[in-house]
Amino acid sequence: MTPQTTASGPRPAFPPAASPHCTCYPGATVWLTGLPSSGKTTLARATAEALRRDGRRAEVLDGDELRRTLTGDLGFSREDRHRNVERIGRVAQILARNGVLALVPVIAPYAESRELVRTLHRTSRTPFLEVHVAAPVAVCATRDVKGLYARHAAGGISGLTGVDAPYEEPLAPDLRIDSHTEPADRSAAALLALLAERGLA
């Protein structure tokens, strides 16, 4: 198909469609930190689904998926965990500053790594919220969504966050979700209420 021409030059054969997404709100990064099987990904996906129903641009940057792609070259030393968080944080910041609400269910066990990501967002004046999805390690081990605790108990893996690798809990998160006592729908409602309170939803 040959593009039509006008006095001002070629006209695209297919004019861009209007975006179906609401652009009334700024983008933001919501980092959901917590132990393995604490419920981070469940909460992120439930919140993203609710936001999309309202026409918002929302993306879930799942830590396990990114470990197979973006950060597949990294191991689980303290240095590599820090690099993992930094890379994902930079991707989230790019999405957020372009109007996407990025939900990031990534353990990020070290406070300095989370602070680095917060600083990246602060420097670019991009909203950043830290949500602690809290559950006792005994509850997480019972859920054991990915079988990590069972593998650790059998001696198949070591360095499991919260068991034989450290997890530094946030001292002052924007929101704490006690996921062992709150059902997923109420947890998502609490997070959506926080976003609304901050003018982000």
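The values are calculated or read from the model by the stated rules, or taken from the named source; none is laboratory data. On a predicted model such as this, the values are computed, not experimentally measured, just so you know. Quick reminder, even Gly has a Cβ in these numbers, built from the backbone with ideal geometry, and neighbours come from all protein chains shown. Note: areas computed on protein heavy atoms with side chains; ligands, DNA, RNA excluded. Shrake-Rupley method; radii C 1.70, N 1.55, O 1.52, S 1.80 Å.
Overall size of the chain from C-alpha positions, given as principal axis extents largest first: 73, 37, 32 Å. Taking amide H atoms as placed 1.01 Å from N in the peptide plane, the amide H of residue 30 lies under 5 Å from those of 102, 103, 104, 129, each 5 or more residues away in sequence or on another chain.
Under 5 Å between amide hydrogens, built in the peptide plane, is the criterion, and for residue 56 it picks out 22 among residues at least 5 positions away or on other chains.
For the chain, the longest principal axis of the C-alpha atoms and the axis of helix 40-53 are separated by about 20°. Before I look further, what does segment 112-179 give for accessible area per residue, probe 1.4 Å, in whole square angstrom? About 54 Å² of surface per residue is accessible. Under a Gaussian network description of the chain, with springs only between Cα atoms under 10 Å, the residue in 189, 48, 154 that fluctuates furthest is 154. Per-residue Karplus couplings for segment 74-88, computed as 6.51 cos²θ - 1.76 cosθ + 1.60 with θ equal to phi - 60°, are listed in order as 9, x, 10, 5, 4, 5, 5, 4, 5, 4, 4, 5, 4, 4, 5 Hz, Gly and Pro entered as x.
The residue list 139, 116, 166 was ranked by how far each Cα lies along the charge dipole of segment 97-201 toward its positive end, using unit charges on Cβ atoms, and 116 comes out on top. Under 5 Å from the amide H of residue 177 lie the amide H atoms of 132, 133, 134, each residue being 5 or more positions distant or on a separate chain, with H modelled from the backbone and absent for Pro and chain starts.
For the chain, what is the mean residue ellipticity at 222 nm derived from helices alone (per DSSP H run of n ≥ 4: -39500 (n - 2.57); sum divided by total residues; nearest 500 deg cm²/dmol)? Value at 222 nm, helices only, nearest 500: -12000 deg cm²/dmol.
Run the dipole for segment 107-151 about the Cα centre, Lys and Arg Cβ at +1, Asp and Glu Cβ at -1, nothing else charged, and hand back the magnitude in debye, nearest 20. Kindly include the intermediate steps, with their values, before the conclusion.
Details: 7 positive and 4 negative charges, 25 e Å.
My answer is approximately 120 debye.
Just to confirm the filter: which trypsin sites (Lys or Arg not before Pro) across segment 47-97 are DSSP coil and have at most 11 other Cβ within 10 angstrom of their Cβ? Counting only loop positions with at most 11 other Cβ atoms within 10 Å, the trypsin sites (Lys or Arg not before Pro) in segment 47-97 are 68. Checking every one of the trypsin sites (Lys or Arg not before Pro) in segment 108-140 against DSSP loop status and a limit of 16 other Cβ atoms within 10 Å picks out 125.
Could you please state how large a percent of the accessible area of segment 87-201 is carbon and sulfur, counting protein chains only and using a 1.4 Å probe?
Working: 3090 of 5660 Å².
Looking at segment 87-201 in its full context, I get 55 percent from C and S.
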